[in-house]
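Each remark here refers to the structure printed beneath this line.
The values are calculated or read from the model by the stated rules, or taken from the named source; none is laboratory data. All values reported here derive from a predicted model rather than from experimental measurement. Quick reminder, even Gly has a Cβ in these numbers, built from the backbone with ideal geometry, and neighbours come from all protein chains shown.
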Amino acid sequence: MPSASGWQSDKEDPVLASASSARIGLLLGLLLLAGCGQPADPARHRQFFALGTLVEVTYYGIGSDVAEQASQELEQMFLRMHAEWHAWQPGRLQDTNRRLATGDAFPADPELLPLFEKANRLSILSDGLFNPTIGKLVSIWGFHSDERPAGPPPDNSALTALVSQQPSVTDVAINDGYLRSSNPAVRYDLGAVAKGHAIDQGIGRLRELGIHNAIINAGGDLRAIGRHGDRPWRIGIRDPRGPGVLAAIELGDDESVFTSGDYERFFDHGGRRYHHIIDPRTGYPADTVTSVTVVHTDATTADAAATALFVAGPEHWHAIARRMGIRYVLMIDANGTVHMNPAMQKRISFDTEPADIRLSTPL
Ligand code: ADP
Ligand code: MG
């Protein structure tokens, strides 16, 4: 998740490099829905690059100077978080990983501690399908760095060796602000929750600034608070296999919408696509799903859940969503079948009605 200010080159950005036009398509989709056909959209929009992607902040009911100041603050905040929370560059997370590997107890970084605690809880609820301690696996695949992943896939024997070490959040003891790992294979990779956590922090800051109607959207993953004037915020969910918007949804007073997709970061090798969401049980990219969208109040939970349900796949997502307390799920499987729970179906309006929809029992 590298970053630069404003509309600058995205050449070095792995996320944008693999999906820039589609992302911009989504953001435009969001703008159009927000505008809702009015001649001049009264909402204010600010954009910058941070968290490895284009961040768009939309405000309603505040002046231009307040919007400008808030956006600059968010930009600085996200740039700093991005730099500190990466496992592959010097910073707080890398320090933590180095010390975890020793097996000794050490004081946790105060900024990261709440995120470790929350990520650990979410991992346990997800039955370990969202597993933030598989940093070694992510790195051997090459999905850990700011470089675009190139392949080829790692040797099967190397993957099997890493999987057999079974790193898990249950190996990490957190006591009185101290961390200790009993498994030398544990390496934190917060890639599946960092964006959600950053957006939650950003929304907290906006509220402190007295801003109560806004959306923070980082590359299509977002949290919305308040309303767009006299109507709810309305946003587009991106089509995983096309440039456009798959569906639209109206959001309640405080809701996050997060999507995990196989199009975010990947490389092709030998006629196969290898993407960045790894099944911790096999060491290979989870291959039954192309995208999962989750709607939930806080962005951190939505982010972790989208990743977990992606790994769970069409047969097992329902049980994991229940355990994680998720109430709205939209999943597109590898055959193009759309899986939803009834509450999600009620809320969503498709651009083109999907040919094959499987409705689950209520969550
Ligand atoms: P994105 O934010 O890129 O849309 P995710 O939120 O699903 O996608 O996060 C994927 C990232 O999380 C990967 O790049 C990797 O760093 C990490 N990761 C991959 N597989 C898992 C997993 N099973 N559990 C936790 N983190 C994972
Ligand atoms: Mg995620």
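With respect to V169, determine if the residue is at pLDDT 95 or above, assigned by TED's automatic domain parsing to the domain that holds K136, within 16 Å of ligand 2 (Cβ to nearest atom) and in contact with a Ser or Thr (Cβ under 8 Å, 6 or more places away or on another chain). Explain how you work it out, then say what you get.
Numbers: at pLDDT 95 or above: yes; assigned by TED's automatic domain parsing to the domain that holds K136: yes; within 16 Å of ligand 2 (Cβ to nearest atom): yes; in contact with a Ser or Thr (Cβ under 8 Å, 6 or more places away or on another chain): yes.
So V169 passes the test.
Taking first residues from the stretch 194-216 that are within 19 Å of G63 (Cβ to Cβ) and in the same structural domain as T300 (by TED's automatic domain parsing) and partners that are of a type outside the set (D, E) and within 16 Å of ligand 2 (Cβ to nearest atom), the Cβ contacts under 6 Å between residues at least 6 apart in sequence or on separate chains come to I215/L222; I216/I199; I216/R223.
Among what's in the stretch 292-319 and is of a type in the set (S, T, N, Q) and more than 9 Å from ligand 1 (Cβ to nearest atom), pick the residue that is surrounded by the most Cβ atoms within 10 Å (Cβ to Cβ). Full working, then the answer.
Within the stretch 292-319, the first condition is being of a type in the set (S, T, N, Q), and the residues that meet it are 293, 297, 300-301, 307.
Applying the additional criterion that residues be more than 9 Å from ligand 1 (Cβ to nearest atom) yields 293, 297, 300-301.
On the way: T293: 28, T297: 15, T300: 25, T301: 24.
Among those that are of a type in the set (S, T, N, Q) and more than 9 Å from ligand 1 (Cβ to nearest atom), it is T293.
With in contact with a helix residue (DSSP H, G or I) (Cβ under 7 Å, 6 or more places away or on another chain) and more than 11 Å from ligand 1 (Cβ to nearest atom) as the only criterion, which of A185, A161, A150 stands out? From the options A185, A161, A150, the qualifying one is A185. When restricted to residues that are of a type in the set (A, V, I, L, M, F, W, C), assigned to a helix (DSSP H, G or I) and farther than 18 Å from G103 by Cβ, the stretch 163-191 contains 1.
Applying the criterion of being modelled with pLDDT under 95 and of a type in the set (D, E) to the residues of the stretch 236-263, the residue that is nearest to ligand 1 (Cβ to nearest atom) is D262.
For beta carbons closer than 6 Å, sequence separation of 6+ or different chains, a first residue in the stretch 273-292 that is in contact (Cβ under 8 Å) with a residue 24 or more places away in the chain and a second that is within 7 Å of ligand 1 (Cβ to nearest atom) and in a loop (DSSP other than H, G, I, E, B), the qualifying pairs are H276/F143; H276/R265; P280/N131; A286/I277; A286/D279.
Put simply, of R234, R273, R241 the only residue that is under 30 Å from A161 (Cα atoms) and more than 15 Å from ligand 2 (Cβ to nearest atom) is R273.
Can you go through G252, G242, G270 and tell me which one is over 30 Å from G142 (Cβ atoms) and either in contact with a Gly (Cβ under 7 Å, 6 or more places away or on another chain) or surrounded by fewer than 16 Cβ atoms within 10 Å (Cβ to Cβ) (or both)?
The match here is G252.
Evaluate the stretch 306-315: report whether one residue or more is aromatic (F, W, Y), in contact with a Phe, Trp or Tyr (Cβ under 9 Å, 6 or more places away or on another chain) and without any contact (Cβ under 8 Å) to a residue 60 or more places away in the chain. Yes, the stretch 306-315 has at least one match. Checking P154, P149, P107 one by one, the residue that is within 22 Å of D303 (Cβ to Cβ), away from ligand 2 (no atom under 16 Å from the Cβ) and not assigned by TED's automatic domain parsing to the domain that holds L79 is P149 and no other. Looking only at the stretch 113-157, residues that are more than 20 Å from R272 (Cβ to Cβ) and in a loop (DSSP other than H, G, I, E, B) come to 12 in all. Within the stretch 120-159, if we keep just the residues that are polar (S, T, N, Q) and at pLDDT 95 or above, the residue that is surrounded by the most Cβ atoms within 10 Å (Cβ to Cβ) turns out to be T133. Applying the criterion of being closer than 19 Å to L222 by Cβ and polar (S, T, N, Q) to the residues of the stretch 288-316, the residue that is nearest to ligand 2 (Cβ to nearest atom) is T307. Tell me, please, whether a residue that is at pLDDT 95 or above, within 14 Å of ligand 2 (Cβ to nearest atom), part of a loop (DSSP other than H, G, I, E, B) and in contact with a helix residue (DSSP H, G or I) (Cβ under 8 Å, 6 or more places away or on another chain) can be found in the stretch 192-201. Yes, because at least one residue in the stretch 192-201 is at pLDDT 95 or above, within 14 Å of ligand 2 (Cβ to nearest atom), part of a loop (DSSP other than H, G, I, E, B) and in contact with a helix residue (DSSP H, G or I) (Cβ under 8 Å, 6 or more places away or on another chain).
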